[in-house]
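What follows is one structure encoded as structure tokens, with my remarks underneath.
Where a number appears in this text, it was derived from the coordinates with a stated rule and is not lab data. As the structure is a computational prediction, the values presented were derived from the model and not from experiment. Because the Cβ atoms are built from the backbone with ideal geometry, glycine has one as well, and the counts that use them run over all protein chains shown.
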Amino acid sequence: MAKVYTILLDGNKIGTSKLEYGDPPMGVVFGDIDFHEKPLTYDYFSVYCKNNGVKTVEYPEDKLINTETIPKLKVVNETGLEIKSIGCYIEGMDSDGFRLNIIGIPEAIYKEEFPHHIKAYEEKFEN
């Protein structure tokens with residue numbers, strides 16, 4: 001059974017993610033966001049980032065946003081331990097959903113939390 005990670009913004013739970021994708025050599029994991037109470041939108045993230053000094057790349061006509069690292073965006077595992085990293089950011093659009101990206105996870109934490117991504121990566125080179 002896949003682990004489910006809790007996503008916190010300003011200390012408030014906004015959703016969860018299985019962080020189903022990874023790039024072990026880069027210390028990166030990412031996955032689709034399942035929002036907690038109601039789906040957050042492009043407009044929400046755009047306003048939040050503007051109000052908190054977070055730079056973005058946006059295409060308002062498509063309701064598409066890609067944020068830089070959001071300092072108050074945190075991810076915790078099922079025991080409540082924060083996944084330490086360089087940072088987390090969000091990308092996506094209203095019509096397709098949003099994805100959480102965590103970059104720069106230290107090797108020891110990556111090995112502990114995401115051994116399945118390491119295994120899948122290593123299997124690419126076995127044959």
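For the reader, a short list of remarks on this structure follows.
- Taking label points 7 Å from Cα along the Cα-to-Cβ direction, H36 and T79 give a separation of 2.2 nm.
- Within the chain, helix-based [θ] at 222 nm, where runs of 4 or more DSSP H residues each add -39,500 (n - 2.57), nearest 500: -5500 deg cm²/dmol
- Cut-off 19 Å, label 7 Å out along Cα→Cβ of N12, residues of segment 42-58 by amide N: 42-54
- Nearest-ten-degree value, helix 42-51 long axis tilted from longest Cα axis of the chain: 80
- Sites listed here are GluC sites (Glu not before Pro) in segment 20-127 whose DSSP assignment is loop and whose Cβ has at most 14 other Cβ atoms within 10 Å: E20, E37, E68, E78, E126.
- Options Y59, S95, L19, ranked by Cα towards positive dipole end of the chain, top entry (Cβ charges): L19
- Electrostatic dipole magnitude of the chain [Cβ: Lys, Arg +1; Asp, Glu -1; Cα centre; debye, to 20]: 380
- nm² value of the averaged projected area, convex hull over the Cα atoms of the chain: 8.6
- Taking 20 Å as the limit for the C-alpha separation, the pairs K3/K63; K18/K124; K3/K84; K38/K63; K72/K111 exceed it in the case of K3/K63; K18/K124; K72/K111.
- Rounded if a/c under 1.5, otherwise prolate or oblate - segment 63-127, Cα gyration tensor axes: oblate
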